[in-house]
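Let me begin by presenting the structure, written as structure tokens, before commenting on it.
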Amino acid sequence: MKIGAIKETRPDENRVALSPTVCKQLIKNGFECIIESGAGLNSFFSDEAYVEAGANVISSADEVYRTADVLCKVNPPNEEEIEKLKAGSVLISFVYHLTNQALVEKINARKVSLFSMDAIPRISRAQTMDALSSQANLAGYKAVIIGANETGRIFPMLMTAAGTITPAKVLIFGAGVAGLQAIGTARRLGAVVEVTDIRPETKEEVESLGGKFISFDMGSGVKIEGGYVKEAGEDVLTRQREILKKHLATADIVVTTAQVPGRKAPVLVTEDMVKVMKLGSVIVDMAVEQGGNCALSEVGKAVIKHGVKIVGYTNLPSMLAPNASDSYAKNIFAFVTHLASNEGFKWDMNDEITAGTLICRDGQILKP
Ligand code: NAD
């Protein structure tokens with residue numbers, strides 16, 4: 001079975017779906033690998049490294065589309081790429097099928113079987129395949145580094161002959177995958193870290209990383225299901241915003257990662273709250289693509305509002321391409337070898353991972 005990867009066409013994308021290391025592992029498992037020349041360059045993987053790993057490097061993306069039985073991508077295919085998909089082949093990519101129904105229909109019309117990487121269930125058996133987590137983890141790190149770059153302040157406390165410099169204060173919203181990494185990163189740089197989340201169990205995790213958990217009375221307005229927030233009522237958010245106001249007033253950097261799966265991100269920083277923040281402070285809004293945790297965030301931009309820099313960059317993992325591609329490719333390897341052997345795919349719909357990720361097959365949409 002031939003597994004291919006092409007150079008990603010999204011303008012700000014430096015990642016690639018297969019690394020030389022993973023090609024080597026796939027080949028060891030009996031698969032063949034076909035890579036478009038230059039596909040890995042922005043992740044610092046040279047064509048020579050792929051060749052050394054045993055992959056077939058070819059100059060044209062079209063040929064990869066024509067010959068691969070399985071095409072691995074990072075980003076959902078665009079219109080032009082959909083046209084090139086080979087009937088009967090398998091596409092493995094982030095697709096975000098819940099919010100991209102038209103895209104799913106177009107892929108399905110090409111008679112392509114689609115597995116969506118963002119649909120991998122967050123269960124322990126699937127941890128090695130969990131690309132949303134591997135990428136969010138790196139993004140949480142990068143968000144703090146961006147915040148550190150944008151602020152005019154240093155993070156650690158410094159005792160100098162000229163006096164003491166107090167540590168920066170970092171406020172983090174959401175202690176999920178990205179948030180926990182952000183806490184660890186900010187602590188390692190020496191900042192004082194405060195954290196808000198509405199899942200009570202996160203308090204212990206936050207404290208174990210050296211963060212201070214901001215507790216408030218949530219009443220009965222938060223519904224948790226399977227370890228995820230299912231719903232948070234407006235009354236809870238109003239109370240939370242009230243508590244957060246005084247923490248925002250003293251924060252130097254705010255990293256926001258709060259999300260409720262399948263919903264618009266909760267607005268936790270209103271314009272009035274931005275106004276109470278210190279001049280020169282920074283908000284890095286990681287939830288910007290889900291509508292933003294800050295009401296003033298703009299998708300893909302860094303803007304200054306009321307003296308506060310608000311950063312809404314959408315592809316932080318791509319800024320750490322060598323690590324992000326390496327992790328994503330390892331997720332792909334674990335996923336492919338779970339779904340298939342060189343003899344073919346198992347199509348085992350009794351398997352939670354297959355059933356959860358297979359979006360369409362043989363011209364039929366399985367997850368409308
Ligand atoms: P996650 O589901 O692991 O964590 C989200 C956390 O938010 C959970 O702990 C949840 O309890 C918490 N939360 C929900 N409502 C809250 C509220 N009102 N107050 C405080 N916390 C609340 O998600 P993740 O994988 O860590 O991703 C976080 C966000 O970052 C998502 O919006 C994701 O799309 C985004 N993201 C952005 C980039 C980027 O490049 N900008 C990259 C990766 C992830």
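No lab work stands behind these numbers, since they all come straight from the coordinates. The shown structure was predicted, so the numbers you read here are calculated from the model rather than taken from an experiment. For neighbour counting, all protein chains shown are included, and Cβ atoms are generated from backbone atoms with ideal geometry for every residue, glycine included.
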(message) Quick check on packing: order 238-251, 318-331 by the mean number of other C-beta atoms within 10 Å, highest mean leading.
(response) 318-331, 238-251
(request) Using only Cα atoms, figure out Rg for region 1-126 and give it as a multiple of 2.2 N^0.38 Å. (result) 1.03
(request) Would you mind ranking Glu298, Glu105, Glu80 by Cβ crowding within 10 Å, fewest neighbours first? (result) Glu80, Glu105, Glu298
(message) To make sure I understand the rule: partners must be aspartates and glutamates, Cα under 13 Å from the Cα of Lys367, and not fewer than 8 residues away in the same chain. Which ones qualify?
(response) Glu105
(message) How compact is region 139-319 by the rule of thumb for globular proteins, expressed as Cα Rg over 2.2 N^0.38 Å?
(response) 0.97
(request) Would you mind computing, in nm to one decimal, how far apart the modelled labels at Ser124 and Ala87 are, each placed 7 Å from Cα along Cα→Cβ? (result) 4.6 nm
(request) Sort largest first and round to whole Å: the equivalent ellipsoid semi-axes of region 105-220, each the square root of five times a Cα gyration tensor eigenvalue. (result) 36, 19, 12
(message) In Å and on Cα atoms, what radius of gyration and Dmax does region 321-368 show?
(response) 12.9, 36
(request) Distance between Cα centroids, region 289-368 to region 203-254: provide it in whole Å. (result) 26 Å
(message) Using the alpha carbons of the chain, what is the convex hull volume per residue in cubic angstrom, as a whole number?
(response) 148 Å³
(request) Would you look at the GNM of the chain, springs on alpha carbons closer than 10 Å, and say which of Thr314, Thr185, Thr99 moves the most? (result) Thr99
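Using only helices, what value at 222 nm comes out for the chain when you add -39,500 (n - 2.57) per DSSP H run of length 4 or more and divide by the total residues, to the nearest 500 deg cm²/dmol?
Details: 12 runs with 122 residues, N = 368.
It comes out at -10000 deg cm²/dmol, rounded to the nearest 500.
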